[in-house]
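Comments concern the structure below.
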Amino acid sequence: MLHEDLKKWFGFESFKPGQEEIINNVLNNVDTLGILPTGSGKSLCYQLPTYIKQKTTLVISPLISLMDDQVMQLKLQGEKNVCCIHSGMDENEKQQNINCLKQSKFIFLSPEFILQSYNFKLIKDLTIGMIVLDEAHCLSEWGYDFRPHYALIGKIVNHFQEATVLALTATAPSYLTFDLEQILNKSFSVIKNSMNRDNISLTHKNFADDDEKLKWLLPTLEQSGPTIIYVSSKKMCLSLAQSIYNYGFLTGIYHGDLSYQERHTVQHQFINNEIPIIVATSAFGMGINKKDIRTIIHFHLSTSPSSYMQEIGRAGRDGKQSQAISLYQPDDSYLLETLLFTDIINIEDVNAYELSQFLPPEKSDILDVLRTQYTFAQLRNIFDMAYKRKKTGYIRMLGYKNIDQCRRSYLIEFFDESLVEKPELCCDNDCELKLINIINRKKVKRKMDFNEKIQNLFKK
Ligand code: ADP
Ligand code: MG
């Protein structure tokens with residue numbers, strides 16, 4: 001029966017692992033957390049039940065690019081009743097989308113948008129059959145860069161009593177279920193597939209300094225196919241992209257301070273293979289639906305196994321062999337610790353906030369939002385716990401550079417998983433790995449025709 005629906009609405013012959021269980025849950029109105037690896041078809045887990053139930057689905061999504069991508073996919077599938085409102089739109093576009101809210105089958109909004117009371121009024125009387133929390137791990141990312149509105153979406157979810165909640169993510173730390181249940185005040189049935197991605201080989205390399213890293217990196221990029229290089233800072237993003245450009249490759253940068261338009265452009269150039277390499281901070285990746293990314297290089301280590309799995313999971317969505325390579329030099333740990341712990345909100349910050357003492361605006365803004373729902377005691381607990389979680393993740397990731405055991409096992413054991421079967425190309429500690437060999441085009445110097453050359457000669 002469900003197979004017929006799948007065929008009818010999507011033309012697929014069979015479900016991918018995990019999809020059927022999740023969809024059955026949702027159809028039986030069971031609130032569900034679905035943890036399936038990147039590229040395993042999570043969107044279909046809410047799209048098919050929407051068609052079967054013929055009720056509106058509200059998708060709460062953390063990123064504009066992610067919303068745009070999903071809207072585009074749905075439209076390509078022939079769905080017209082889709083709407084999406086976000087800050088990257090001009091007023092006109094926003095209004096057009098607001099006008100079609102009522103007849104939409106799929107509504108995409110960000111948590112910040114819905115929680116503004118003016119916006120909430122736009123949707124509060126709609127009949128919503130399902131609420132999807134896409135990239136649900138965002139709920140667990142307490143910290144200075146945390147999106148505090150995620151901690152308040154219980155209000156929205158509880159308003160739509162009839163709606164079934166489906167939380168979806170590719171990487172779930174063990175505490176995600178706990179956080180979800182706390183924030184939404186509901187219990188969840190968890191359907192989880194291994195986070196392991198067999199077609200991504202794992203390599204790690206230690207160097208003496210950044211120059212040594214570069215010496216290895218630049219020639220490696222000649223044949224790494226479509227590549228994302230993750231770095232830990234915006235500054236590094238620029239300087240590394242410059243070195244790569246000077247070496248002869250077209251390359252793009254992506255970080256949190258770019259405008260919507262700039263991000264959009266670079267993302268499209270990468271997706272359409274106009275540039276082979278992108279240098280990015282962790283802001284890049286969620287919702288980038290490029291199937292043939294062959295290489296993910298971490299110029300600096302990720303800050304936790306969760307982010308690492310999330311980031312390398314962007315490779316090989318077409319199922320073909322891909323590689324994840326991380327690099328390290330001794331100064332990096334200082335960089336990472338600064339990144340992770342310097343601006344974190346801690347118990348002292350909450351105390352200061354309680355006493356109305358000065359706090360940097362980045363912190364007080366977050367606490368302003370959270371205070372609408374949490375007591376000071378709760379906030380102290382939350383940020384204490386967040387610190388401990390960050391530390392645990394960081395230490396595990398740091399250990400990755402020294403291990404001589406299987407890297408894959410080391411990573412997934414962090415999520416209480418164990419490896420059932422190792423792929424043939426597992427990791428550099430298990431076997432001899434050859435680098436991928438897909439040539440990246442270099443910049444072409446444009447040839448001028450004779451007339452142009454003459455004209456240039458006389459130009460001042
Ligand atoms: P995720 O959100 O898990 O990263 P997506 O939902 O973007 O993955 O889906 C990845 C790709 O898999 C999409 O191109 C989608 O059309 C395809 N897909 C989903 N379900 C199936 C299926 N049952 N059979 C074949 N392809 C599928
Ligand atoms: Mg997805």
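One residue stands out in region 69-84 among those that are away from ligand 1 (no atom under 12 Å from the Cβ) and without any contact (Cβ under 8 Å) to a residue 24 or more places away in the chain: the one that is nearest to Ala163 (Cα to Cα), namely Lys80. Restricted to region 197-215, and to residues there that are assigned to a strand (DSSP E or B) and open to solvent by 40 Å² or more (accessible area, probe 1.4 Å), the residue that is farthest from Val26 (Cα to Cα) is Asn206. The single residue among Leu168, Leu218 that is touching a strand residue (DSSP E or B) at 6+ places or on another chain (Cβ under 6 Å) and either part of a strand (DSSP E or B) or open to solvent by 10 Å² or more (accessible area, probe 1.4 Å) (or both) turns out to be Leu168.
Looking only at region 394-450, residues that are open to solvent by less than 100 Å² (accessible area, probe 1.4 Å), touching a helix residue (DSSP H, G or I) at 6+ places or on another chain (Cβ under 9 Å) and among the aliphatic types (A, V, I, L, M) come to 10 in all. The set of residues in region 5-18 that are charged (D, E, K, R) and within 16 Å of ligand 2 (Cβ to nearest atom) contains only Lys16. Scanning region 209-231 for residues that are over 22 Å from Asp331 (Cα atoms) and free of Cβ contacts under 8 Å to residues at least 12 places away in the same chain returns a single hit, Pro219.
Scanning region 177-196 for residues that are open to solvent by less than 50 Å² (accessible area, probe 1.4 Å), away from ligand 2 (no atom under 16 Å from the Cβ) and farther than 16 Å from His149 by Cα yields Thr177, Lys186, Phe188, Ser189, Asn196. Regarding region 96-103, can at least one residue be identified that is open to solvent by less than 80 Å² (accessible area, probe 1.4 Å), over 30 Å from Ile412 (Cα atoms) and part of a loop (DSSP other than H, G, I, E, B)? Scanning region 96-103, I find at least one residue that is open to solvent by less than 80 Å² (accessible area, probe 1.4 Å), over 30 Å from Ile412 (Cα atoms) and part of a loop (DSSP other than H, G, I, E, B), so the answer is yes.
When the helices (runs of 4 or more DSSP H) confined to region 264-374 are screened for residues that are charged (D, E, K, R), out of contact with any Lys or Arg (no Cβ under 6 Å at 6 or more places or on another chain) and within 18 Å of Ser224 (Cβ to Cβ), those reaching at least 1 such residues are found at 305-312.
Reported count of residues in region 3-50, each being more than 24 Å from the chain's Cα centre (by Cα) and open to solvent by 20 Å² or more (accessible area, probe 1.4 Å), is 17.
Evaluate region 116-126: report whether one residue or more is polar (S, T, N, Q) and crowded, with 16+ Cβ neighbours inside 10 Å. Checking region 116-126: at least one residue is polar (S, T, N, Q) and crowded, with 16+ Cβ neighbours inside 10 Å.
Here is a yes/no grid of residues against (1) within 16 Å of ligand 2 (Cβ to nearest atom); (2) assigned to a helix (DSSP H, G or I); (3) among the aliphatic types (A, V, I, L, M); (4) in contact with a strand residue (DSSP E or B) (Cβ under 6 Å, 6 or more places away or on another chain):
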| residue | (1), (2), (3), (4) |
| --- | --- |
| Thr57 | yes, no, no, yes |
| Pro62 | yes, no, no, no |
| Asp68 | yes, yes, no, no |
| Lys80 | no, no, no, no |
| Ser87 | no, no, no, no |
| Lys121 | no, yes, no, no |
| Met130 | yes, no, yes, yes |
| Leu139 | yes, yes, yes, no |
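Taking each residue of region 19-44 that is within 16 Å of ligand 2 (Cβ to nearest atom) and of a type in the set (Phe, Trp, Tyr) and looking for partners that are open to solvent by 20 Å² or more (accessible area, probe 1.4 Å) and not in a helix (DSSP H, G or I) with beta-carbon atoms closer than 9 Å, six or more apart or interchain, yields nothing.
The values are calculated or read from the model by the stated rules, or taken from the named source; none is laboratory data. Source: prediction; values computed, not measured. We place every Cβ from the backbone using ideal geometry, glycine too, and count neighbours over all the protein chains shown. Keep in mind that these areas ignore ligands, DNA and RNA; they rest on the heavy atoms of the full protein, side chains included. Shrake-Rupley method; radii C 1.70, N 1.55, O 1.52, S 1.80 Å.
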